[in-house]
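Reading through the structure tokens given below for one structure.
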Amino acid sequence: MKNIAKKIIAGASAVALVAAFALTGCASSQQQASSSSAAQQSDVELQIFAANSLSKAMDEVQSLYTEQTGVTFADTQYEASGTLNEMLGGGAYADALITASSSTMDTAEKEGYIDPNTRFNMFTNELVIAAGSNSALTEVQLEDLASGNYTLAVGDANVPAGNYAKQALTTTDPQCWISADGTRGADCSGKDGTFDGTPLEGKVTEGSSVGNVCQYANSGDVDLAMVYSSDVYRFGNVKIVGTTPSDSHKAIVYPAAVCANSNVPEEAAAFLEWAFTNEDAIKVWQEWGFEIA
């Protein structure tokens with residue numbers, strides 16, 4: 001009996017040792033897998049093309065993502081949305097594209113710059129009337145621009161904020177901008193048309209970016225500027241004196257998508273999803289005047 005007991009104890013000890021080695025090996029494998037995963041993440045560098053108005057917020061969000069995942073970012077390109085499409089059309093590389101209007105993303109999709117299956121609306125914004133921070137103007141409505149008493153800055157045809165501004169200006173009485181095809185408000189593109197023959201003839205300065213548009217108002221070169229509410233937060237030195245009616249222009253949305261030529265499409269999609277859903281990221285967007293769509 002004593003010999004049997006000794007054999008049982010010895011067998012149990014051997015099983016325990018085997019189990020211990022197995023657990024140690026499993027933990028070691030998990031640690032190696034985790035280290036390998038972290039190393040793979042830290043090797044990822046994303047190239048983002050984003051609308052100008054996103055620059056300050058996007059820089060903060062990208063820093064947060066790098067802290068949390070190890071993924072880094074190349075020199076993010078902030079340009080007018082139309083310019084970003086031109087860059088992609090010229091062969092520039094990007095992993096993800098975020099534009100400031102549906103129409104510019106429509107163009108990107110039509111030209112094959114993005115994977116349409118990854119496209120979604122990321123943010124919304126407001127179109128406001130702004131004046132320099134030292135301006136005596138405090139309240140100006142869209143209809144007031146039809147008086148012809150103010151000089152104005154808006155974005156050019158490549159700047160979505162400028163397109164929205166011109167759409168809104170077709171709804172005043174009399175019209176302050178006339179579209180080439182005669183459409184008005186949300187029905188027109190805001191790209192082809194003229195200020196000639198309107199109360200704003202000779203009184204409008206067009207900028208190649210919303211930054212330029214804000215600067216014209218800040219410097220006093222013009223009385224007023226039409227920009228996004230987020231631009232007021234981003235640039236400072238301008239103040240909101242009015243908000244355009246939401247039905248005077250197309251809905252302001254920022255679509256996002258993974259680029260068709262991305263070498264790391266899964267990682268690009270993961271970043272866009274995180275930026276859209278992570279609580280810390282959402283707080284940053286909201287601090288800079290953006291709302292999640």
Return the pairs, sorted by first residue and then second, in which the second residue is in a helix (DSSP H, G or I) and modelled with pLDDT of 95 or more, the first residue lies in region 57-70 and is acidic (Asp, Glu), the beta carbons are less than 6 Å apart, and the residues are 6+ apart or on different chains.
-> 60/284
Within region 275-293, considering residues that are of a type in the set (Val, Ile, Thr) and without any contact (Cβ under 8 Å) to a residue 40 or more places away in the chain, the one least open to solvent (accessible area, probe 1.4 Å) | 282
Across region 161-171, what is the number of residues that are open to solvent by 10 Å² or more (accessible area, probe 1.4 Å) and under 15 Å from residue 201 (Cβ atoms)?
-> 0
For residue 165, state whether it is hydrophobic (A, V, I, L, M, F, W, C) and either in contact with a His (Cβ under 6 Å, 6 or more places away or on another chain) or within 22 Å of residue 77 (Cβ to Cβ) (or both).
-> no
Filtered residues of region 172-195 (kept if over 19 Å from residue 80 (Cβ atoms), open to solvent by 50 Å² or more (accessible area, probe 1.4 Å) and assigned to a loop (DSSP other than H, G, I, E, B)) | 173, 174, 175, 180, 181, 182, 184
Could you please let me know if residue 221 is closer than 22 Å to residue 103 by Cβ and among the charged types (D, E, K, R)?
-> no
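Could you list all residues from region 275-289 that are in a loop (DSSP other than H, G, I, E, B) and not small (Gly, Ala, Ser)?
Step one: of region 275-289, the residues in a loop (DSSP other than H, G, I, E, B) are 278, 288-289.
Scanning region 275-289 gives 278, 288.
The values are calculated or read from the model by the stated rules, or taken from the named source; none is laboratory data. All values reported here derive from a predicted model rather than from experimental measurement. Glycine gets a Cβ as well: all are built from the backbone with ideal geometry, and neighbour counts include every protein chain shown. For accessibility, only protein heavy atoms count, side chains too; no ligands or nucleic acids. Shrake-Rupley method; radii C 1.70, N 1.55, O 1.52, S 1.80 Å.
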